[in-house]
Amino acid sequence: MNFDLQRSLGIRFSLWVRGWIGLGLIAEGVAGFMSCRSDDPVARPYAYARAILPPVVPSQYAGDCIPVTFEYNSVAIPVCMDPVLLSNGAGSSSAKATRWMNLKYSELGAQWHLSYHPIAGVKYEDGRLVERGDALAVLMAETQRMTFKHTLKATAIEENVISYPQHKVYGMLYVVGGDAASQTQFYVTDSVRHYLRGSLYFGVTPNSDSLGPYSTYLLRDMQRILETLRW
């Protein structure tokens, strides 16, 4: 075999070897890529946007709408409501005596609905005056009725006793679990003359998961109000 033929065969053999090596590397890369793929969808955790809550700025409420005073978060705006339009139903005082106020949190899309009732002058739904000795029981029963009507949506209702004897403030705070329309309600009284009840509402469809941080923030605000409440 002459030199030129040997050289030609050597070049062809070298190219053939390189070709097979290249194909082997490509096959290995494809196999590695395919091993990283999965035809099964991967579930991603469901999440909500991070809640951005405003800092608490204490302020003093002086009793313009309802005849009580307390310390509140000035992020909220007190709004006096017309008692003639709102006073209705069993366990309510006369329109002249009942006072209504909303604490409106525009940044959070929420508000506390507050109503003050003097224990004297409570009326039944048909307009009959409740006897003085039964008035407090009627008011408390109405608050409990309004709280427990949410049981269809509630997963639990937690009852927390409110007691500040030094200020004659006694009552109950209800925290409603689940997607109830109002997740927090309360009443407080001095057992003799004054009765105040309140409920928290959001301006969106109830969802306990997404509203959780906001509900906690607003609950702390209300706890501070009740601690500083004066008749």
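Calculate the dipole size of the stretch 149-231 relative to its Cα centre from +1 charges on Lys and Arg beta carbons and -1 charges on Asp and Glu beta carbons; express the result in debye to the nearest 20. Don't jump to the answer; show the numbers that get you there.
On the way: 8 positive and 7 negative charges, 67 e Å.
Result for the stretch 149-231 is approximately 320 debye, rounded to the nearest 20.
Return the long-range amide H neighbours of Ile162 (sequence gap of 5 or more, or a different chain), with a cut-off of under 5 Å between placed amide H atoms.
Placed amide hydrogens put Gly171, Met172, Leu173 under 5 Å from Ile162.
What is the order of Asp82, Asp179, Asp126, fewest Cβ neighbours within 10 Å to most?
Starting with the residue having the fewest Cβ neighbours, the order is Asp126, Asp82, Asp179.
Which of rounded, prolate, oblate describes the stretch 98-192, given a ≥ b ≥ c as roots of the alpha-carbon gyration tensor eigenvalues and a/c under 1.5 marking rounded, otherwise prolate only if a/b is larger than b/c? Walk me through the intermediate numbers first.
Values: a/c = 1.57, a/b = 1.49, b/c = 1.06.
Prolate, because a/c is 1.5 or more and a/b exceeds b/c.
Using modelled amide H (1.01 Å from N, peptide plane; none on Pro or chain starts), what sits under 5 Å from the amide H of Met81, excluding residues fewer than 5 places away?
The list, which skips near neighbours in sequence, is Trp100, Met101, Asn102.
Beta carbons within 10 angstrom, averaged per residue: use that to sort the peptides 190-202, 133-145, highest first.
Working: 190-202: 19.2, 133-145: 16.4.
Result, highest mean first: 190-202, 133-145.
Taking other Cβ within 10 Å of each residue's Cβ, how do Tyr124, Tyr217 sort, fewest first?
Working: Tyr124 14, Tyr217 18.
So the residues, fewest neighbours to most, are Tyr124, Tyr217.
Would you mind computing, in nm to one decimal, how far apart the modelled labels at Val192 and Ile52 are, each placed 7 Å from Cα along Cα→Cβ?
Going from the Val192 label point to the Ile52 one covers 5.0 nm.
Mind jotting down the distance between the C-alpha centroids of the stretch 177-231 and the stretch 56-73, whole Å?
15 Å
Computed from the coordinates by the stated procedures, all read-outs in this text should not be read as laboratory data. Keep in mind that this is a model prediction, so the values were computed, not measured. Cβ atoms come from the backbone with ideal geometry, glycine included; neighbour counts cover every protein chain shown.
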